[in-house]
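For reference, the structure is listed below as structure tokens.
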Amino acid sequence: MKRILVLGIIALVLIGCNPVKEPGSAQTIAANTSVSLEESSIQQGIDFLAKGRVNEAIQSFQGVVAQDPENTEALFAIGQVYMKVGSFDNAISAGREILKRDPQNGDAYMMMAGCYDMKGDPSKAIDFVKVAIVTYQQKKDTQGFQRALEVLKMLTEKVPADEK
């Protein structure tokens, strides 16, 4: 549930909503609440995104990964930020790092599919969506599965008939 909340907040910030106030230090947030330093660093990164401070957001999320190399949520946030600013190769690298830690992470496959689509390679994007579909199916993630099917349909329409 915490993962969904964090990813939801990041998504809102990335699409232009501004649900958060001025960023405070992660240590101050952690000291004044019951959240961990790791959670407060993620919140700080979200706050930076809300203010358009992309580099500081990435640094905040990277700080979480430095403290907890297995934190796929922070890696996903890094990938989403890179994707948003058009740094698709960096986003793909973040996706690969997620998959090293969690090979069944359908969201990472979908992020990478989006990057390849934006890079003009819908065929490669389709390959990643297909893996995401299988992953979502195995995890019984109905929402992810449905979303991936919709993306697959859209991508399939982009690919020329001779490449299918």
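The values are calculated or read from the model by the stated rules, or taken from the named source; none is laboratory data. It should be emphasised that the depicted structure is a prediction, and the values quoted were computed from it without experimental measurement. Don't worry about glycine lacking a Cβ; one is built from the backbone with ideal geometry, like all the others, and counts go over all protein chains shown.
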Matching residues, region 126-145, being assigned to a loop (DSSP other than H, G, I, E, B) and either among the aliphatic types (A, V, I, L, M) or without any contact (Cβ under 8 Å) to a residue 24 or more places away in the chain (or both): 140
Number of positions in region 146-164 that are of a type outside the set (S, T, N, Q) and free of Cβ contacts under 8 Å to residues at least 24 places away in the same chain: 9
Identity of the residue in region 120-157, touching an Asp or Glu at 6+ places or on another chain (Cβ under 8 Å) and more than 19 Å from residue 98 (Cα to Cα), that ends up surrounded by the fewest Cβ atoms within 10 Å (Cβ to Cβ): 123
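Condition check ((1) more than 25 Å from residue 46 (Cβ to Cβ); (2) more than 13 Å from the chain's Cα centre (by Cα); (3) modelled with pLDDT under 95) across all residues:
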position: 99; (1), (2), (3): no, no, no
position: 118; (1), (2), (3): no, yes, no
position: 130; (1), (2), (3): yes, yes, no
position: 145; (1), (2), (3): yes, yes, no
